[in-house]
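The values are calculated or read from the model by the stated rules, or taken from the named source; none is laboratory data. Because the structure is a prediction, the values reported are computed rather than measured. With ideal geometry, Cβ positions are generated from the backbone for all residues, glycine too; neighbour counts draw on all protein chains shown. Heavy atoms of the whole protein, side chains included, go into the accessibility calculation; ligands, DNA and RNA do not. Shrake-Rupley method; radii C 1.70, N 1.55, O 1.52, S 1.80 Å.
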Amino acid sequence: MKNKDYKNKNFVKHDEGQTILDFVEKRLSENAAIRELMKDEYISFGGIRDFLYFKFCPLYFGLCPHKKCKKEETCDANLCWLQKLSDAKFTGEETDHQFHYNLVKATVQPSICPECGKDELELKWQDEGYLAKLGLINFADVAYLECKSCRKRFITHADRMAVEFLLKVFLAKPSKKSPVKAGQTVVLATDKAGLEIFIEHLEKEKDIKTIWKRLDPFSISEQIGELDLNIAVADFMCEYYNIEYEVKNEIDTFFEEEDEEKFDISDLFDDFDEK
């Protein structure tokens with residue numbers, strides 16, 4: 001597994017000599033969201049490092065070395081990027097949700113509320129324990145947008161795709177060998193752009209055992225009852241960005257078109273009711 005130490009990236013390590021820019025560049029090396037934002041630029045950047053240095057500041061990732069909540073006119077992002085982690089005023093662990101907050105918000109839909117048309121949408125994360133169970137599976141790290149005006153909530157497209165697909169995998173051929181098991185928690189990737197690309201890739205597979213094989217290395221259910229798609233997505237992104245894909249005709253999936261069951265997951269999450 002290429003990214004077996006992925007979870008360790010959720011912690012800011014004060015390695016001597018490592019700058020904030022070094023750390024963020026390393027964490028985002030397999031991140032699809034940052035690459036999607038790069039594609040929207042009319043300037044061609046040499047890599048993620050240059051894009052980060054010229055377009056953002058550490059605060060965008062919740063890593064302001066001065067612990068500011070808002071960028072000020074006197075801020076010099078270039079100097080902040082080059083500060084050593086060991087010299088920065090971090091409190092220790094930086095949450096993964098905070099690190100990915102702005103990246104996710106910039107790459108998910110909708111950008112305006114379909115209910116009232118306002119554009120004040122706040123990104124929120126749903127942790128395990130606040131999720132309803134369906135098929136005895138918990139889904140954690142679900143991201144959704146909440147309208148500040150009408151309080152309507154919308155699950156991100158990537159998370160909806162992932163939940164619906166994994167439920168199909170769970171119900172298609174129940175087996176002890178399946179990486180999606182009853183009583184399990186599925187941790188959805190915080191890289192929502194990468195999660196969507198990963199699920200789209202899996203949906204093209206017509207052999208369910210191939211899907212099991214793709215997911216199985218990341219299932220640690222025997223230890224803590226968890227399937228971590230953070231690791232699966234990061235691992236897939238390593239291959240995705242180094243392989244030139246050919247345009248192919250649509251192929252059948254293992255879910256037959258005429259027999260495909262439509263899943264309504266609108267009631268899956270307890271907190272998605274209007275308030």
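Quick one: 3J(HN,Hα) in Hz for the range 41-46, Karplus 6.51/-1.76/1.60 with θ = phi - 60°, rounded, Gly and Pro as x.
Working through the residues one at a time gives 7, 7, 8, 8, 8, x Hz.
How much of Thr74 can a 1.4 Å solvent probe reach, expressed as accessible area in Å² and rounded to 10?
120
Please compute the contact order of the range 150-206 in relative form: average sequence separation of alpha-carbon pairs under 8 Å and at least six residues apart, divided by the residue count, as a percent.
For the range 150-206, the relative contact order is 45 percent.
Would you mind getting me the FRET efficiency between Ser175 and Lys55? Use the beta-carbon distance for r and R0 = 51 Å, nearest 0.05.
Once the sixth-power term is evaluated, E becomes 0.65.
Please find the FRET efficiency linking Ala182 to Glu205, where r is the Cβ-Cβ separation and R0 is fixed at 22 Å, and quote it to the nearest 0.05.
Efficiency, from the Cβ-Cβ distance: 0.50.
If you roll a 1.4 Å probe over the heavy atoms of the protein chains, what accessible area per residue do you get for the range 155-215, in Å²?
Ligands and nucleic acids excluded, the figure is 40 Å² per residue.
Quick one: plug the Kirkwood hydrodynamic radius of the range 141-196 (C-alpha pairs) into Stokes-Einstein at 37 °C, 0.692 mPa s, and report D in µm²/s.
Rounded to a whole number, D works out at 257 µm²/s.
How much length would be gained if the chain were fully extended between Leu82 and Asn242, taking 0.36 nm per residue of separation minus their Cα-Cα distance, in nm to one decimal?
54.8 nm
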